[in-house]
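**Student:** Just passing along the structure, written as structure tokens.
Just so it is clear, none of the values below were taken in a lab; they were calculated from the coordinates. Just so we're clear, the structure is a prediction, and the values are computed from it rather than from any experiment. Cβ atoms come from the backbone with ideal geometry, glycine included; neighbour counts cover every protein chain shown.
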Amino acid sequence: MKTVGMQGAHGTFSEMAVYQYFGKDGIAAKGYRNFVEIMQDLENHAIDDAVLPVENTTTGIIARTYDLFKYYHVHAVGEVLVPIVQDLITLPGASLSDIKEVYSHPEALSQCQGFFEAHPDIRSVPYQDTAKSVEYIKACKDISKAAIGSSAASAYYHLPALCHAIQDSKTNTTRFLVVTWKDDIPADANKTSLMLVINHEPGSLYRALASLADKQINMVKLESRPIPGKMFEYLFYVDIMGTPADPVVKEALAQMKKYCVELRSFGSYRAASL
Ligand SMILES: O=C(O)C(=O)C[C@]1(C(=O)O)C=C[C@@H](O)C=C1
């Protein structure tokens, strides 16, 4: 049996990501309340793998998870894209005019901003995860409380979805990385995630990225993040197609390193498609 860490309870989107990537056979999904505990358990080899949300097509980078790659020496070995459909789940018999508060995971709430703009009297309340939010409103037995979550959570808790697909974008999708403590590059890997801190000199970022362009390497993501404790200094997350197993990529990374204070790959994996 392989134990795979994920955020939250049964019925979350993270659980969907686990089963979408690994299938259900021989897999035990282990729910956690926070990502730091997942990373610690991975580093201690208490679990085999974990599946972490890193980016959403509506709201962008999920910095809480992405930034952990700075502190934990774990490796991304897979990627999975999960279409996210958010339902408004209520107690039986509730109508929209009864609802005063809607509970959900902060990411889920921000994927449904249009809903809250259209219903300014409804308050959004951040909660642990989408499935726990459904469990909570069921336990409250208060018709004015609703939750945002998956149809799987609505079915599991036997509560109706008053409104289906209330997320802002029809194509709302979350990208998850599959992470492990083993330092292996999967044989079919074709994408690499890098973290870089550049020298503070004119043109450093330009030259670092030119190292990729010069070798015709496709950069598919560039994200800048503040460095904690350093005022207005930034590190960059860069995703490229290719892996250091390819001599051309290896050469480009060696060139790139000349313009960096730090350059680290946090994993190579097979790029996912929907
Ligand atoms: O609360 C959940 O259902 C989760 O799996 C967490 C999470 C997230 O952290 O982004 C996962 C996917 C969706 O984007 C919304 C919430």
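**Student:** Please work out if residue 27 is of a type in the set (A, V, I, L, M, F, W, C), in contact with a Lys or Arg (Cβ under 8 Å, 6 or more places away or on another chain) and buried (at least 19 other Cβ atoms within 10 Å of the Cβ).
**Tutor:** No: the conditions fail for residue 27.
**Student:** Criterion first (touching a residue at least 24 places away in the same chain (Cβ under 8 Å), assigned to a helix (DSSP H, G or I) and either crowded, with 20+ Cβ neighbours inside 10 Å or among the hydroxyl-bearing types (Ser, Thr, Tyr) (or both)) does residue 189 satisfy it?
**Tutor:** For residue 189, the condition - touching a residue at least 24 places away in the same chain (Cβ under 8 Å), assigned to a helix (DSSP H, G or I) and either crowded, with 20+ Cβ neighbours inside 10 Å or among the hydroxyl-bearing types (Ser, Thr, Tyr) (or both) - is not met.
**Student:** Hey, among 232, 236, which residue is of a type outside the set (Val, Ile, Thr) and either assigned to a helix (DSSP H, G or I) or within 25 Å of residue 175 (Cα to Cα) (or both)?
**Tutor:** When all the criteria are applied, what remains is 236.
**Student:** Just to be sure, is residue 65 touching a Ser or Thr at 6+ places or on another chain (Cβ under 7 Å) and within 12 Å of the ligand (Cβ to nearest atom)?
**Tutor:** no
**Student:** What are the residues in segment 95-108 that are within 9 Å of the ligand (Cβ to nearest atom) and either in a loop (DSSP other than H, G, I, E, B) or surrounded by 18 or more Cβ atoms within 10 Å (Cβ to Cβ) (or both), if any?
**Tutor:** Scanning segment 95-108 gives 104, 105, 107, 108.
**Student:** Hand me the list of strands (runs of 3 or more DSSP E) wholly inside segment 2-94 holding 2 or more residues that are under 25 Å from residue 133 (Cα atoms) and without any contact (Cβ under 8 Å) to a residue 60 or more places away in the chain.
**Tutor:** It comes to 2-7, 27-32.
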